[in-house]
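A.B. asks: Got a structure for you, questions after.
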Amino acid sequence: MTCTIFVPRDSTALALGADDVATAIEAEARRRGIDLRIVRNGSRGMFWLEPLVEVATPAGRTAYGPVDASDVAGLFDAGFFDGGAHPLSLGLTDALPYLQKQERITFARVGITDPVSLDDYLAHDGYAGLRRALSMAPGAIVQEVIDSGLRGRGGAAFPTGVKWKTVLGAQAVQKYIVCNADEGDSGTFSDRMVMEDDPFMLIEGMTIAGLAVGATRGYIYVRSEYPHAIAALNEAIANATAAGYLGIDVLGSGKAFHLDVRKGAGSYVCGEETALLESLEGKRGIVRAKPPLPALSGLFGQPTVINNVISLASVPLILQKGAAYYRDLGQGRSRGTLPFQLAGNLKYGGLVEKAFGVTLRELLVDFGGGSASGRPLRAVQVGGPLGAYLPPSRFDTPLDYEAFAAIGAAVGHGGIVAFDDTVDMAKQARYAMEFCAAESCGKCTPCRIGSTRGVEVMDKIIANQDRPQQIHLLRDLCDLMLAGSLCAMGGMTPYPVLSALDNFPEDFGGSDAAPDQKAA
Ligand SMILES: Cc1cc2nc3c(=O)[nH]c(=O)nc-3n(C[C@H](O)[C@H](O)[C@H](O)COP(=O)(O)O)c2cc1C
Ligand code: SF4
């Protein structure tokens, strides 16, 4: 009997030696005359266990990890290919608490299937959403997405279906679907995991979007730092095209949808939707003034849906199972699930898909296991480099767009970066200004000049030079950037700066940091 062994091909696993492990398993099986098949699956998202090797057994998949190439001979001695006991054995993968406690609906296939095998995708509910969409009128598809309550997962949380409705209503010969796969936020990797580990899901979501709004062409703009994602997408697109799921006549419907991957230009601001469109057109990535909205005048001046990877990847499930299935999860106006990404100083970093409403504490402690250093957690930054720093007193805040806005924070793309009590929050505030100065597109003064002045002011605060006056100046500068910046790059840089100042005043000279402090 042939045994099936799963060795991930996700970049996290590759970085930790998964290729060497796969090669060692192959060689050892040959040496021992054991017949086995190695499937290169995606990652289960439990990064501290990578490379996580799984074995198909009659009871389900059994996990071993983290496996090093040097462990392979011992695993064979223990009969791991039949699920045999070994110090690295973790039991049935699906029974691992980290996975059991999640609501993996968008990430249901991630880590299970061979990412570039269309047959595997079809065997795991793939393309059921597109088949249903093909039987519906464009307006009905858009309505289904509106009814699901799905909001953009790239950061701004704008209702996805409402955006699509604007594009559907626009008159043009050519419309476009653009996927924002620039994923520049610190500590984020959910887009990358979708592209590397379940690329057909994104392709299917974009095809449904094309049918919904009448767009026949799509582009996936992927950051250049994601070579494995680019390769997986290109292979999956070729397979989908060969099987008639993409091209001039999608599944014989008479409707066309062509899809191409474009490599990004390596700047954080190219993730801002209008700068991305400029870059996609071959120009320098500079933010465009709005209006016009991209929905009316986007790529090459044509009506364009631009959505984040997770927004588009959520669509096949919504079409397959219906809007209510998705909308019934979550709380308030935050419906469905979000794949949270646990990073920074945490014992168990990885991907956790949960319905909105889970608290930060549950994510940090129940899933993350507290700090990796063993020291108390002092701060977490949620929502990327423009997100607020939250102290432990905020850890019971539910992850919900409105609940976060109410405390001056943002859920953003769901990246959560944890820091222990050795962090210096004044240095983190300086870093926020420095990051903005480095990544600013330069179009507007509050961001271009403000961030550079912000670094200078922070340097003076850190050096304890005229602290009260400098802190007053810093608050003033943040007000100006918040109100006067053209886009959220300059407009949100004050979030990490002010939250550090307000929540951790002791790192800025204690009472000097008080909001009502006036210049002497
Ligand atoms: C500086 C900056 C960087 C951004 N980077 C990204 C990014 O990497 N990925 C992303 O999906 N959205 C990013 N956004 C948000 C996009 O402008 C836009 O809101 C998003 O692509 C819309 O898709 P959604 O509605 O599906 O979220 C960024 C915004 C700003 C201001
Ligand atoms: S806020 Fe910064 S990134 Fe945005 S348009 Fe102005 S200069 Fe460019």
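A.B. asks: Rank Cys179, Thr166, Ile203 by how far each Cα sits towards the positive end of the charge dipole of segment 166-221 (+1 on Lys, Arg Cβ; -1 on Asp, Glu Cβ) and give me just the farthest.
C.D. replies: Among Cys179, Thr166, Ile203, the one farthest towards the positive end of the dipole of segment 166-221 is Thr166.
A.B. asks: Give, rounded to the nearest 20 debye, the magnitude of the charge dipole that the chain has about its Cα centre when Lys and Arg contribute +1 at Cβ and Asp and Glu contribute -1 at Cβ.
C.D. replies: Working: 47 positive and 58 negative charges, 286 e Å.
In debye, rounded to 20, the chain gives about 1380.
A.B. asks: Treat every Asp and Glu Cβ in segment 429-520 as -1 and every Lys and Arg Cβ as +1, leave all other atoms uncharged, and give the resulting dipole magnitude about the Cα centre to the nearest 20 debye.
C.D. replies: Numbers: 8 positive and 12 negative charges, 64 e Å.
The calculated dipole for segment 429-520 is roughly 300 debye.
A.B. asks: Another question, then. What dipole magnitude, in Debye to the nearest 20, does segment 1-133 give about its Cα centre under +1 on Lys/Arg Cβ and -1 on Asp/Glu Cβ? List each step's numbers first, then the result.
C.D. replies: Details: 13 positive and 18 negative charges, 85 e Å.
My answer is approximately 400 debye.
A.B. asks: As a quick test, which of the pairs Lys165/Lys443; Lys290/Lys443; Lys263/Lys283 have an alpha carbon distance above 19 angstrom in this structure?
C.D. replies: Details: Lys165/Lys443 30 Å; Lys290/Lys443 13 Å; Lys263/Lys283 13 Å.
Over 19 Å Cα-Cα: Lys165/Lys443.
A.B. asks: Which residue, Thr445, Ile416, Ala406, has the largest displacement toward the positive end of the dipole of segment 403-467 when charges sit on each Cβ (Lys, Arg +1; Asp, Glu -1)?
C.D. replies: Farthest towards the positive end: Thr445.
A.B. asks: Right, next: In segment 273-431, carbon and sulfur make up what percent of the accessible area (probe 1.4 Å)? Before the final figure, lay out the partial values.
C.D. replies: On the way: 2700 of 5240 Å².
Here it works out to 52 percent.
A.B. asks: Before rounding to the nearest 500, sum -39500 (n - 2.57) across all DSSP H runs of length at least 4 in the chain and divide by the residue total; then give [θ] at 222 nm in deg cm²/dmol. Display every interim value, and only then the final one.
C.D. replies: Values: 21 runs with 200 residues, N = 520.
After summing the helix terms and dividing by the residues of the chain, the value is -11000 deg cm²/dmol.
A.B. asks: Applying a 10 Å radius around every beta-carbon, put 442-452, 266-276 in order of their mean neighbour count, most first. Don't skip to the answer; put the middle values down first.
C.D. replies: Numbers: 442-452: 19.2, 266-276: 23.7.
The most tightly packed comes first, giving 266-276, 442-452.
A.B. asks: Which helices pass in the chain if a helix is a full DSSP H run, must span at least 20 angstrom along its long axis by Cα, and must have mean Kyte-Doolittle hydropathy not below 0.0? Walk me through the numbers on the way to the answer.
C.D. replies: Details: long enough: 18-32 (21 Å, -0.70); 199-213 (22 Å, 1.63); 227-242 (23 Å, 0.59); 425-439 (21 Å, -0.14); 445-462 (24 Å, 0.10); 467-484 (25 Å, 0.08).
Helix filter hits for the chain: 199-213, 227-242, 445-462, 467-484.
A.B. asks: Rank by packing, highest mean first: peptides 178-191, 250-263, with packing defined as the count of other Cβ atoms within 10 Å averaged across residues.
C.D. replies: Details: 178-191: 25.4, 250-263: 16.1.
Result, highest mean first: 178-191, 250-263.
A.B. asks: Continuing with this model, one more query. For segment 92-195, which whole-number percentage of the solvent-accessible area (1.4 Å probe, protein heavy atoms only) is attributable to carbon and sulfur atoms? Mind showing how you got there, number by number?
C.D. replies: Details: 2030 of 3800 Å².
Its accessible area is 53 percent carbon and sulfur atoms.
A.B. asks: If packing is taken as the average number of other Cβ atoms within 10 Å across a peptide's residues, how do 396-403, 110-117, 85-92 rank, most packed first? Mind dumping the intermediate values first?
C.D. replies: On the way: 396-403: 17.1, 110-117: 23.0, 85-92: 15.0.
Sorting 396-403, 110-117, 85-92 by mean packing, highest first, produces 110-117, 396-403, 85-92.
A.B. asks: Give me the accessible area per residue for the chain, probe 1.4 Å, as a whole number in Å².
C.D. replies: 37 Å²
A.B. asks: Could you tell me how far the Cα centroid of segment 79-114 sits from the Cα centroid of segment 311-334, in Å?
C.D. replies: So the separation of the two Cα centres works out to 25 Å.
A.B. asks: Another question, if that's okay. Could you give the distance between the Cα centres of segment 1-28 and segment 439-466, to the whole Å?
C.D. replies: 47 Å
The values are calculated or read from the model by the stated rules, or taken from the named source; none is laboratory data. Just so it is clear, the model here is predicted, and its values are computed rather than measured. Because the Cβ atoms are built from the backbone with ideal geometry, glycine has one as well, and the counts that use them run over all protein chains shown. With ligands, DNA and RNA removed, areas are computed over all heavy atoms of the protein, side chains included. Shrake-Rupley method; radii C 1.70, N 1.55, O 1.52, S 1.80 Å.
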